[in-house]
Amino acid sequence: LALVAPLIARSVEVRTDIAPQLPAVWGAPAELEQLVLNLVLNAADAMPRGGELTVRVHSGTAAVVCLEVSDTGAGMPLDAMASSDGWSVSSKPGRRAGLGLGIVRRVVERHGGSIRFAPRLDRAGSIVWALLPQA
């Protein structure tokens, strides 16, 4: 998060909830870092007028570590959540070109995990969960 802080608008409030003593996950550190950076930047880009971006990391059930990124932006189209076959979150002119969600999904799956997308319960934004198996 420190790497992307200068790229996030001041009108976006970033909150974190990182559980202490998380179990390790197996994986390529550079790919996992890119996954986190991309999800955070895509969420920030979804809130051009500001909002709240939350990053949570906790131990999930079934021996996984859960990375959750949520925002109060415009939200993802439901068809993008269902397919995520290369659709890019931040693909508008003048904005960063985000890593397509299909690629994000492939990175998570290459690490033996799974990814889920959903609108927030209050319908203000989206939530992405990346579930990575514990080492």
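The values are calculated or read from the model by the stated rules, or taken from the named source; none is laboratory data. Because the structure is predicted, anything quoted here is derived from the model rather than measured. So basically every Cβ, Gly included, is an ideal-geometry build from the backbone, and we count neighbours across all protein chains shown. All accessible areas refer to the heavy atoms of the entire protein, side chains included, with ligands and DNA or RNA removed. Shrake-Rupley method; radii C 1.70, N 1.55, O 1.52, S 1.80 Å.
Just a yes or no: is a residue in segment 1-19 within 24 Å of GLY112 (Cβ to Cβ), in contact with a strand residue (DSSP E or B) (Cβ under 9 Å, 6 or more places away or on another chain) and of a type in the set (S, T, N, Q)?
Scanning segment 1-19 turns up no residue that is within 24 Å of GLY112 (Cβ to Cβ), in contact with a strand residue (DSSP E or B) (Cβ under 9 Å, 6 or more places away or on another chain) and of a type in the set (S, T, N, Q).
Counting only residues that are surrounded by fewer than 16 Cβ atoms within 10 Å (Cβ to Cβ) and closer than 16 Å to VAL12 by Cβ, which one in segment 73-95 is modelled with the highest pLDDT?
So the residue we want is ALA74.
Can you find, within segment 35-69, the residue that is nearest to ILE115 (Cα to Cα) among those that are small (Gly, Ala, Ser), open to solvent by less than 70 Å² (accessible area, probe 1.4 Å) and over 13 Å from the mean Cα position of the chain (by Cα)? Full working, then the answer.
To start, the set of residues in segment 35-69 that are small (Gly, Ala, Ser) comprises 43-44, 46, 50-51, 59-60, 62-63.
Filter once more, keeping what is open to solvent by less than 70 Å² (accessible area, probe 1.4 Å): 43-44, 46, 50-51, 59-60, 63.
Narrowing the set further to residues that are over 13 Å from the mean Cα position of the chain (by Cα) leaves 50-51, 59-60, 63.
Values: GLY50: 26, GLY51: 23, SER59: 15, GLY60: 13, ALA63: 15 Å.
Among residues in segment 35-69 that are small (Gly, Ala, Ser), open to solvent by less than 70 Å² (accessible area, probe 1.4 Å) and over 13 Å from the mean Cα position of the chain (by Cα), the one nearest to ILE115 (Cα to Cα) is GLY60.
Quick check on this structure: which one of SER114, SER70, SER11 is under 15 Å from PRO133 (Cα atoms), at pLDDT 90 or above and polar (S, T, N, Q)?
Working: SER70 fails: under 15 Å from PRO133 (Cα atoms); SER11 fails: under 15 Å from PRO133 (Cα atoms).
When all the criteria are applied, what remains is SER114.
Looking at segment 44-54, can you tell me whether even one residue there is outside any loop (DSSP other than H, G, I, E, B), at pLDDT below 95 and over 14 Å from SER126 (Cβ atoms)?
no
Can you find even one residue in segment 21-34 that is open to solvent by less than 80 Å² (accessible area, probe 1.4 Å), touching a residue at least 12 places away in the same chain (Cβ under 8 Å), in a strand (DSSP E or B) and in contact with a Pro (Cβ under 8 Å, 6 or more places away or on another chain)?
Within segment 21-34, one or more residues are open to solvent by less than 80 Å² (accessible area, probe 1.4 Å), touching a residue at least 12 places away in the same chain (Cβ under 8 Å), in a strand (DSSP E or B) and in contact with a Pro (Cβ under 8 Å, 6 or more places away or on another chain).
Note down all Cβ pairs under 6 Å where the first residue falls in segment 113-135 and is open to solvent by less than 30 Å² (accessible area, probe 1.4 Å), the second is aromatic (Phe, Trp, Tyr) and assigned to a strand (DSSP E or B), and they're at least six residues apart or on different chains.
VAL128/PHE117
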